[in-house]
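As structure tokens, the structure follows; a few thoughts come after it.
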Amino acid sequence: MKNALLVALLLASAGVVPASAEPSVTPPEQSSQRYVAEIVDSLFVVGPAEFFAVELPRDPAGARAIHLMGTFTVTDKKGDIVIRLFRAPDYQSWLKKRGGEKAGAFWVSKRSRQVNVDQDLTPPGPFVVLLDNGYSMRTSKHVRAQMQIQYEWIGGHPIAAARDSTAVGSVEDDLITPRANTEEDIPPPPPPPPDEGSH
């Protein structure tokens, strides 16, 4: 254990950093058995009367997500945003029921230009963060999202698990594409029939 931590600290002091597409992992302290991974640092555009869902990465082998920290800032001159945290199954229910019975988020912010999230992840994951602009009928919002997850080791070797967590896939693989408030995508209209009267 001490040798593995020593190797991790030597790599960190030598400037070895993970590839940009992988979460940035801070090795755990020996006493806490926890580490922090930066998962998102991006700018999203949320259209008027729409929302944008970001699915958080699933727990890596040997660890579980216990805390989410983040800042969501509207970069336009005016505007605000609402942030909602869901368990992934509850988010799917919310989409189907439009926020109906037993389909709610476990945390919802107030409308604000800057929302800070410092939330324990006590229900079991995976989780979805929703950037909700559904109340704004005319204005798109440009939102800078910066998020980190704190993980706790529940088994296995901490340094090996941290290495495995970055090898599973890139952060882009864990992002949900923007989804409008409609239940299904509307197909484009068919092409007009050929004009047989003029040749």
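Values for this structure:
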| read-out | value |
| --- | --- |
| Close pairs from region 57-86: first touching a residue at least 12 places away in the same chain (Cβ under 8 Å) and in a loop (DSSP other than H, G, I, E, B), partner aliphatic (A, V, I, L, M) and crowded, with 17+ Cβ neighbours inside 10 Å, Cβ under 7 Å, at least 6 apart | Pro57/Ile39; Asp59/Ala65; Pro60/Ala161; Ala61/Ala161; Gly62/Ala161; Asp80/Val74 |
| Qualifying residue in region 6-23 (condition: assigned to a loop (DSSP other than H, G, I, E, B), small (Gly, Ala, Ser), under 13 Å from Trp153 (Cα atoms) and at pLDDT below 90) | no |
| Residue within region 38-52 that is open to solvent by 40 Å² or more (accessible area, probe 1.4 Å), modelled with pLDDT of 90 or more and part of a loop (DSSP other than H, G, I, E, B) present | yes |
| So Thr139, is it open to solvent by 50 Å² or more (accessible area, probe 1.4 Å) and touching a Pro at 6+ places or on another chain (Cβ under 9 Å) | yes |
| Thr26 open to solvent by 60 Å² or more (accessible area, probe 1.4 Å), at pLDDT 95 or above and on the phi < 0 side of the Ramachandran plot | no |
| Residue in region 153-172 that is modelled with pLDDT under 95, under 13 Å from the mean Cα position of the chain (by Cα) and open to solvent by 70 Å² or more (accessible area, probe 1.4 Å) present | yes |
| Selection within region 55-98 - modelled with pLDDT of 95 or more, open to solvent by less than 20 Å² (accessible area, probe 1.4 Å) and farther than 18 Å from Thr122 by Cβ | Phe72, Val74, Ile81, Val82 |
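The values are calculated or read from the model by the stated rules, or taken from the named source; none is laboratory data. No experiment lies behind these values; they were computed from the predicted model shown. Cβ atoms come from the backbone with ideal geometry, glycine included; neighbour counts cover every protein chain shown. Note: accessible area is taken over every heavy atom of the protein model, side chains too, but ligands, DNA and RNA are not part of it. Shrake-Rupley method; radii C 1.70, N 1.55, O 1.52, S 1.80 Å.
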